[in-house]
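The values are calculated or read from the model by the stated rules, or taken from the named source; none is laboratory data. Worth saying up front: this structure is predicted, and the values here are computed from it rather than measured. For neighbour counting, all protein chains shown are included, and Cβ atoms are generated from backbone atoms with ideal geometry for every residue, glycine included.
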Amino acid sequence: MTSRSPRRARLLAGTAAVAVAAVLTACSSSAGTTGQSAAKPPAALVAAWPSDISTMDPGNVNTDQDKELAMNVYQNLVGYKTTAQGGHSASSGLAAAPALASSWTIAGDTVTFTLRDGLKFYPSGNPVTAKDAVWSLQRALKLNGAVELNNSGVFDAAQITAPDATHVAIRYQDSAGKPIKASEVNIATLRTCWYGVIDSAAALKNAGPSDPIAAEWLKSHVAGSGPYYVKSRQTGQSLNLAAVPGAALNAPKFSAVTLRVVNDGNVAGLLRGGSVNIAQYGLSPRDATSLKSAGFNVQHANTSSYLYLQLASDAGPFKDPLVRRAVAEALPYDALVKNVYYGQAERADSYVSAGAPGYSAAWKDYGDAAKAKSLMAQAGNPSVSTKLRYPSENTDFATAAQLIKSALKPIGVDVTLQPQTSAALITSIIGRATAKTGGSADDGMVLTTLSTYVEDAKTPVKLWTVTGGVVNFSRTSIPEIDRLQGEFAMAAPSPARDQAYEKIQQLAAQDAAFLPLVVTGRTLVSASGVSGLTFTPEPVTLYWTLEPKK
């Protein structure tokens with residue numbers, strides 16, 4: 001990462017998708033579609049991005065655009081295992097698929113990966129070796145990738161070794177240095193955007209005493225193994241990708257991808273006009289419904305992306321658990337799904353993915369308005385005045401906030417709406433969560449979204465519920481949750497582990513300081529001549545999975 005902390009940047013990226021997309025100067029018809037009346041596949045892909053990349057360095061990605069680039073120009077030891085689901089493919093759970101590694105074995109605390117033969121980096125032509133993989137992962141430990149590597153049980157470079165040129169061995173341990181039994185839970189982290197394998201020989205040619213890991217050079221250069229490479233870039237305007245010639249792994253079906261940065265543009269209009277033929281940013285649920293009716297390929301998947309509410313529970317009116325539970329009962333869950341997301345989402349009953357081991361629908365019984373009033377009566381019918389902060393860049397948040405305000409008024413909770421930029425909101429959430437002392441009495445509530453990239457219960461628990469969690473705005477501190485997380489976070493899958501995380505979710509739901517509202521998922525839209533849309537937990541489009549629709 002550059003000047004921002006790894007944790008802060010990762011969370012800021014989780015809200016980057018709310019940025020409003022903008023005006024795009026029309027590109028030539030040879031680069032895009034000419035409208036849905038022409039059903040033939042486009043000659044090349046053109047996507048609308050809300051902002052430019054901040055880096056090309058896979059170990060240091062910050063924004064959703066950085067992540068998307070990394071996942072298309074670099075390749076990892078393992079990838080996401082996806083299955084066809086109607087008109088798209090999607091990953092689910094912790095399963096990993098072979099990528100640069102053709103296979104792996106697990107023995108005790110160690111996973112040993114066997115690299116494929118004959119893979120090369122482009123444009124150097126250097127072979128992909130275990131040395132490159134080890135250097136890349138060790139390097140990630142010094143950058144933004146350290147967060148998830150630590151979360152998987154890798155804390156020290158010495159845990160990552162190359163027994164020979166074609167094998168990579170990773171030893172897993174807990175934070176105290178005790179070996180842990182390795183499993184798919186540990187391996188799953190290696191699928192994510194921070195762990196693309198870099199051509200170490202090419203990078204080290206551009207390193208120096210003050211920059212031994214070539215961070216400055218990799219910020220603006222790609223040294224990957226495909227399937228695309230960066231052909232050219234117009235800073236702040238566009239990024240042009242081209243297919244790697246003769247790519248031996250994940251060879252793309254489209255020879256070129258133009259990623260255009262738009263400013264306040266109508267992305268739905270750009271799709272209709274044919275100057276863009278694939279999009280995921282800057283589209284509202286209403287846009288998606290309209291585009292589907294117009295013949296566009298609109299696909300939605302309930303990836304682990306959530307709209308959620310947090311209440312400051314260590315000070316102020318929500319210190320009383322009865323008041324917090326009253327709020328949980330009064331919230332307009334169904335109205336949020338219907339009126340904000342037009343039915344293209346579903347109510348969230350946990351912060352753990354439904355496909356993850358240890359999932360529990362612990363919040364599902366909240367939503368009884370009469371019970372909300374009863375709980376407030378038990379609390380002495382306090383008159384509560386509070387504030388609700390939410391991201392200002394997307395009108396969906398404003399609509400959701402207004403629905404929440406209206407739903408809480410009948411139980412005596414008067415809400416003042418305070419929109420903020422995503423950057424300001426995340427800063428305040430992290431600041432309150434990580435402060436050594438509690439917040440002020442009027443910290444109120446925050447409404448925002450976040451995605452989790454590893455579909456395992458330990459990740460959202462660590463983020464939102466353990467004492468000192470980096471986005472635990474509520475400042476929840478429940479000793480039993482902390483104990484169970486400490487015991488089972490690094491444990492191999494087992495019935496005992498599942499039961500521990502079910503218990504954590506039940507405790508968190510009863511505490512009612514963190515309230516999951518909606519599984520928002522993600523929507524991808526392409527011209528009718530493009531198929532192969534693929535969803536992973538990460539908010540990215542995998543352009544190499546796309547193909548001309550026959």
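Quick look at the numbers
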quantity: Strands (runs of 3 or more DSSP E) within the range 60-163 that include 1 or more residues without any contact (Cβ under 8 Å) to a residue 24 or more places away in the chain and over 23 Å from PRO252 (Cα atoms); calculated: 101-107
quantity: ALA400 vs. criteria in the same structural domain as ALA348 (by TED's automatic domain parsing) and over 23 Å from ALA315 (Cβ atoms); calculated: yes
quantity: Residues within the range 465-494 that are in a helix (DSSP H, G or I) and either of a type in the set (S, T, N, Q) or modelled with pLDDT under 95 (or both), tallied; calculated: 4
quantity: ASP443 vs. criteria surrounded by 23 or more Cβ atoms within 10 Å (Cβ to Cβ), touching a Pro at 6+ places or on another chain (Cβ under 9 Å) and assigned to a loop (DSSP other than H, G, I, E, B); calculated: no
quantity: Matching helices (runs of 4 or more DSSP H) fully within the range 247-340 where at least 1 residues are buried (at least 23 other Cβ atoms within 10 Å of the Cβ) and β-branched (Val, Ile, Thr); calculated: 267-273, 321-330
quantity: Residue list for the range 505-520, filter: of a type in the set (A, V, I, L, M, F, W, C) and touching a residue at least 60 places away in the same chain (Cβ under 8 Å); calculated: ALA508, ALA509, ALA512, ALA513, PHE514, LEU515, LEU517, VAL518, VAL519
quantity: Residue in the range 388-407 that is under 29 Å from the mean Cα position of the chain (by Cα), among the charged types (D, E, K, R), over 17 Å from PRO332 (Cβ atoms) and in a strand (DSSP E or B) present; calculated: yes
quantity: Subset of the range 463-493 (residues that are at positive phi and surrounded by fewer than 16 Cβ atoms within 10 Å (Cβ to Cβ)); calculated: GLY468
quantity: The range 202-246, subset free of Cβ contacts under 8 Å to residues at least 24 places away in the same chain and assigned to a loop (DSSP other than H, G, I, E, B), residue nearest to PRO41 (Cα to Cα); calculated: GLY246
quantity: Unique match (being touching a Phe, Trp or Tyr at 6+ places or on another chain (Cβ under 7 Å) and at negative phi) among GLU538, GLU502; calculated: GLU538
quantity: Some residue of the range 141-159 being β-branched (Val, Ile, Thr) and under 24 Å from SER200 (Cβ atoms); calculated: yes
quantity: All positions within the range 446-462 that are in a helix (DSSP H, G or I) and crowded, with 22+ Cβ neighbours inside 10 Å; calculated: LYS458, THR459, PRO460, VAL461
quantity: Flag for GLY438 being modelled with pLDDT of 90 or more and either of a type in the set (Gly, Ala, Ser) or on the phi > 0 side of the Ramachandran plot (or both); calculated: no
quantity: Residue among ALA182, ALA140 that alone is assigned by TED's automatic domain parsing to the domain that holds THR55, touching a Phe, Trp or Tyr at 6+ places or on another chain (Cβ under 6 Å) and either within 21 Å of PRO58 (Cα to Cα) or among the β-branched types (Val, Ile, Thr) (or both); calculated: ALA140
quantity: Subset of the range 149-175 (residues that are surrounded by fewer than 17 Cβ atoms within 10 Å (Cβ to Cβ) and closer than 16 Å to ARG139 by Cα); calculated: ASN150, ASP156, ALA157, ALA158, THR161
quantity: Residues satisfying the stated conditions in the range 346-376, i.e. in a loop (DSSP other than H, G, I, E, B) and hydroxyl-bearing (Ser, Thr, Tyr); calculated: SER350, TYR351, SER353, TYR359, SER360, TYR366
quantity: Some residue of the range 335-356 being assigned by TED's automatic domain parsing to the domain that holds VAL413 and over 20 Å from THR520 (Cβ atoms); calculated: no
quantity: Any pair with Cβ under 7 angstrom, 6 or more apart, that starts in the range 466-486 at a residue that is assigned by TED's automatic domain parsing to the domain that holds ILE429 and over 21 Å from ASP442 (Cα atoms) and ends at one that is at pLDDT below 95 and charged (D, E, K, R); calculated: GLN485/LYS458; GLN485/LYS462
quantity: Which listed residue, of SER54, SER91, is small (Gly, Ala, Ser) and either at pLDDT below 90 or surrounded by fewer than 22 Cβ atoms within 10 Å (Cβ to Cβ) (or both); calculated: SER54
quantity: Selection count where residues are farther than 18 Å from VAL471 by Cα and in contact (Cβ under 8 Å) with a residue 60 or more places away in the chain, scope the range 402-441; calculated: 9
quantity: Subset of the range 103-146 (residues that are in contact with a Lys or Arg (Cβ under 6 Å, 6 or more places away or on another chain) and either crowded, with 23+ Cβ neighbours inside 10 Å or within 24 Å of LYS67 (Cβ to Cβ) (or both)); calculated: none
